[in-house]
Structure formats: structure tokens, C-alpha cells
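Colleague: Provided herewith is a single structure, encoded as C-alpha cells, for subsequent inquiry.
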Amino acid sequence: MQTQINQYIAEINAFSPANADELEAFRIRFLGTKGIIKELFEQFKSVSPEEKRTYGKVLNEFKQLTEAKYAELKEATDSGLKTEDSGLDLTLPGDGFAVGSRHPLSLIRNEIIDIFKRLGFVVAEGPEIEDDWHNFSALNFPEEHPARDMQDTFFIKKNHGKDDIALRTHTSSVQVRMMENGKPPFRAIMPGRVYRNEAISARAHCFFHQVEGLYIDENVSFSDLKQTLYHFVQELYGEGTKVRFRPSYFPFTEPSAEMDISCTICKGSGCNMCKYTGWVEILGCGMVDPNVLENCGIDSAKFTGFAFGMGIERIANLKYVIKDLRLFSENDVRFLKQFQSDII
Ligand code: PHE
């Protein structure tokens, strides 16, 4: 009997079912109503009284071992865990969680903010629904002046018969709010969404995103503007990126300029992106017009300053070569998941 039980124990220890059916067969064979254990207990009845003590213990231990083994295997099978024989390696790491990625415009915006933060600029924000004063009049757009047509505006409400409330066409409106509500010096950038009444196409959209900047203090000159923006471009596109300033016009700056950089795609040798000129325009800038300072309650005899503004879709386009603006707002995950960031 002892030899027989030892054989069974060896068999049980080595047992490893590939599936639930094999485990059930095991149960029936050992623990079933006509199973081996039942049978051994039957035999036990007829052993001599002296032997009963030894075999009673042996038999009980065997029964416990078998039940414990069965319970353990049953739990593993029920919880879906298969034993090694099923070919699954339970030590493999699990599937990772799917984490999203930052939107390319957020990546660019954060990068721009970081560069200006290192220069001591703070971030300022304002409302997307603006009044005429903050979006136009305070910024030296005279009434009926054609400059207002430069920015096709979505007006949403009339006041005293006049178009007054609009979706902001630029974040320069935040500059006005900042100047009205504080005292110079100011050193801030204004990221945000802006709206213009344009037909949607690959090259134009009815909304886009800007980062504008404002620096007001005593003795701020055009050379400060040039150096700041030059530094910005070196940080964003790498050392050696060339810049050039072309005279331009904005109602709120005088003098005004547009800034081009050497094409980041072809490095100036000429390509599709720069229309074979080697240069691409990235922002508008200029010295804040004294009228704007006075409109906002700042002494223009004492303070001067510069401002600049850029559309960040354009900046992202030059960095990632995205030919169609619409991709930025269509939320196609196949597009979005290509932009992985370190920051999660
Ligand atoms: N507000 C201008 C625009 O939206 C950009 C700009 C800002 C130009 C500041 C000059 C100075 O086009």
C-alpha cells in the first residue's frame, strides 16, 4: 500500500493539466466517488489493527495532498491563468497602457513658451470673445480704416448699431488688457486661439493659434527686438538659422516689420516650402505705436517697447512639414499619434 501511495504522490506532483478537461479527469480519478482515494479507504478497512495507525496517517496525508493540489490547479485554471504547458509564459510583462500624445500645436506652443520664459517673459491670457476696443480701437485701428479689413472678423453682437463684440482676430487684445491693468515694465507672451472669417482650405482656416509677445520698459529699442527674436529663432530652429527683417505695416506698431528665417527644410538652397526663395516668413513685429501706449494709459514719453506675433500652425508646419492646415483640427488619431512627447 505504501509503495502504491508513493507512486501516486509522484504522479500527482508531476501533474500539470493543459486545460480544464484534464484537471477534471484528474479529480475524477483521484477524488471521485469511485476514485483512487475512495478505493484506498475501502482497502484500509481490512488492514490489521496494528497497521491501521501507520496507514491511517499515510492515507490522510495523501488525501490532503491530493485535495490541496486539486484546489491550487483549479484556482489557476478558473482565473484564466494557464500552466506552463499551455505555452503561455506568465512571467512576460503585461500590455502597456495606451497613453495619448500631445497635440503638435501644444508641443510647439510649449516649446515657444519655454524659450521666452528663459528670457524672463511671463504668460498672459485673455478672452476669445472681445470687444472692438481691445481688438481694434485701442490698437490704433481707426474707425472705417481699411486696416480693419486686413483681418476678416467674425462679429457676433452689435452695440448702439455698431459691430462691437467679435471673436478676437489676434491675441494683441491681451496686450491691451495687460497694459490697461498693470504698470510697466511688461515682459509677457500671449498664446491663444484666434478667429478670422476665411474659407477653409489647406492653406487657410477660420481659426488658428498665435503666440504674441510684448516688452515695454524705459529705453527699449528696435535692436532689443531684433536680438530677442534672433535668439528665439536660434533656440527653436537651431544655431545658424538666419533671420531677416522686411519693412511692413501694422496699425499698432511703428516701425513695423515682418521677419523671415532661412528655410528650415532646404537650409536656404530653395525648395517647395520656401517657394524657391530660401526664406520663409514666420512673424510680424515692430515698436509699439505711442498711440497704443497712450490708449492704455502708459506715458509714451517715458516708455517704449516692442511687440511681435506669430501663427504657430506656421511654425509647426516648418518643423513637421504639414502641408494641410486642416489636419490640426480634424482630430484624426492616425495623424495625432505621430507626435510623441517626453512629457506625459
Ligand atoms: N497681431 C498681428 C497679427 O495678428 C501680429 C503682430 C503682433 C504684428 C505684434 C506686430 C506686432 O497679424
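The values are calculated or read from the model by the stated rules, or taken from the named source; none is laboratory data. None of the values given here were measured: they were computed from a predicted structure. A quick note on method: Cβ atoms are made from the backbone with ideal geometry, for glycine too, and the neighbour counts reach across all protein chains shown. Keep in mind that these areas ignore ligands, DNA and RNA; they rest on the heavy atoms of the full protein, side chains included. Shrake-Rupley method; radii C 1.70, N 1.55, O 1.52, S 1.80 Å.
Colleague: Find how much the distance from GLU198 to THR3 grows on full extension, using 0.36 nm per residue of separation minus their present alpha carbon separation; answer in nm with one decimal.
Modeller: Result: 60.9 nm gained on full extension.
Colleague: Relative contact order of the chain, please, whole-number percent, based on alpha carbon pairs below 8 angstrom and at least 6 residues apart.
Modeller: That works out to 16 percent.
Colleague: Going by average Cβ density within 10 Å per residue, which order do the peptides 127-133, 95-101, 332-338 take, highest to lowest?
Modeller: Answer by packing, highest mean first, reads 127-133, 332-338, 95-101.
Colleague: Suppose all protein chains stay in the model; what accessible area per residue would a 1.4 Å probe give for the chain, in Å²?
Modeller: Here the per-residue accessible area is 56 Å².
Colleague: Right, another one. In sequence order, what are the phi-derived ³J(HN,Hα) couplings for region 200-209 according to the Karplus relation 6.51 cos²θ - 1.76 cosθ + 1.60 with θ = phi - 60°, rounded to whole Hz, with x for glycine and proline?
Modeller: Values, residue by residue: 6, 8, 5, 10, 9, 9, 7, 9, 8, 10 Hz.
Colleague: What is region 2-80's relative contact order, in percent, from Cα pairs under 8 angstrom and six or more apart in sequence?
Modeller: The normalised contact order for region 2-80 reaches 39 percent.
Colleague: Next question. Which values of log₁₀ I(q)/I(0), to two decimal places, follow from the Debye formula for the chain at q = 0.10, 0.11, 0.14 Å⁻¹ with a uniform point scatterer at every Cα?
Modeller: Relative scattering, expressed as log10 I(q)/I(0), comes to -0.68, -0.79, -1.14.
Colleague: Output the 0 to 90 degree angle, nearest 10, between the alpha-carbon long axis of helix 2-14 and the longest principal axis computed from the alpha carbons of the chain.
Modeller: 10 degrees
Colleague: Ok, one more. May I ask you to give the percent of accessible area on the chain that is carbon plus sulfur, with a probe radius of 1.4 Å?
Modeller: Looking at the chain in its full context, I get 51 percent from C and S.
Colleague: In what sequence, highest mean first, do 262-268, 12-18 appear when ranked by Cβ atoms within 10 angstrom?
Modeller: Order by mean packing, descending: 262-268, 12-18.
Colleague: For the chain, what is the mean residue ellipticity at 222 nm derived from helices alone (per DSSP H run of n ≥ 4: -39500 (n - 2.57); sum divided by total residues; nearest 500 deg cm²/dmol)?
Modeller: -11500 deg cm²/dmol
Colleague: Amide H of MET310: which non-local residues (sequence gap of 5 or more, or other chain) have their own amide H closer than 5 Å, using H built in the peptide plane?
Modeller: VAL211, GLU212
Colleague: About its Cα centre, how strong a charge dipole does region 2-80 have in debye, to the nearest 20, once Lys and Arg get +1 and Asp and Glu get -1 at the Cβ?
Modeller: Using only the charged Cβ atoms, the result is roughly 340 debye.
Colleague: Could you order MET190, MET1 by accessible surface area, starting with the largest, using a probe radius of 1.4 Å?
Modeller: If we order MET190, MET1 from most to least accessible, we get MET1, MET190.
Colleague: Still on this structure: For ARG27 and LYS52, what does the FRET efficiency come to when R0 = 25 Å and r is the distance between their Cβ atoms, rounded to the nearest 0.05?
Modeller: 0.35
Colleague: Taking amide H positions as placed in the peptide plane 1.01 Å from N, state which residues far from THR153 in sequence (5 or more) or on other chains have amide H under 5 Å from it.
Modeller: Answer set, sorted by chain and number: ASN197.
Colleague: Report, in degrees rounded to the nearest 10, the 0 to 90 angle that the Cα long axis of helix 20-31 makes with the longest principal axis of the chain.
Modeller: Relative to the chain, helix 20-31 is tipped by roughly 30 degrees.
Colleague: So, in nm, how far is label ASN13 from label VAL333 when the simple model puts each one 7 Å beyond its Cα toward the Cβ?
Modeller: Between ASN13 and VAL333, the label points sit 5.1 nm apart.
Colleague: Angle between the Cα long axis of helix 104-118 and the longest principal axis of the chain, 0 to 90 degrees, nearest 10?
Modeller: Compared with the principal axis, the helix lies near 60 degrees.
Colleague: Report ³J(HN,Hα) in whole Hz for each residue of region 87-101, in order, from the Karplus equation J = 6.51 cos²θ - 1.76 cosθ + 1.60 where θ = phi - 60°; Gly and Pro get x.
Modeller: Computed from phi, the couplings for region 87-101 are x, 8, 9, 6, 8, 5, x, x, 5, x, 6, 7, 9, x, 10 Hz.
Colleague: Ok, one more. Between LEU90 and SER221, with labels modelled 7 Å along Cα→Cβ, what's the label distance in nm to one decimal, could you check?
Modeller: 7.7 nm
Colleague: Can you figure out the FRET efficiency of GLU180 with ILE156, using R₀ = 25 Å and their beta-carbon distance, to the nearest 0.05?
Modeller: Efficiency for this residue pair is about 0.65.
Colleague: Using 0.36 nm per residue, how much length does the chain from SER137 to SER101 gain when fully extended, once their Cα-Cα distance is taken away?
Modeller: Computed gain between SER137 and SER101 is 9.0 nm.
Colleague: While we're on this one: State, as an integer percentage, the relative contact order of region 243-288 based on alpha-carbon contacts under 8 Å between residues 6 or more apart.
Modeller: The normalised contact order for region 243-288 reaches 38 percent.
Colleague: Among 206-213, 106-113, how do they line up by average Cβ neighbours within 10 Å per residue, starting with the highest?
Modeller: 206-213, 106-113
Colleague: Just PHE136, PHE41, PHE252 to compare: in a GNM of the chain, with alpha carbon springs under 10 Å, which one fluctuates most?
Modeller: Evaluated over the chain, the most mobile residue of the options is PHE41.
Colleague: Determine ³J(HN,Hα), in whole Hz, for all residues of region 237-254 in sequence, where each value follows from phi through the Karplus function 6.51 cos²θ - 1.76 cosθ + 1.60 and θ = phi - 60°; x replaces Gly and Pro.
Modeller: Values per residue, Gly and Pro as x: 10, x, 4, x, 5, 7, 10, 9, 10, 10, x, 8, 9, 9, x, 9, 10, 7 Hz.
Colleague: Along the Cα→Cβ direction, 7 angstrom out, place labels at LYS242 and GLU111. What is the inter-label distance in nm?
Modeller: Each label point is offset 7 Å from its Cα along the Cβ direction, giving 2.2 nm.
Colleague: Work out Dmax and Rg for region 2-80 from the C-alpha atoms and quote the Rg first, both in angstrom.
Modeller: 13.7, 47
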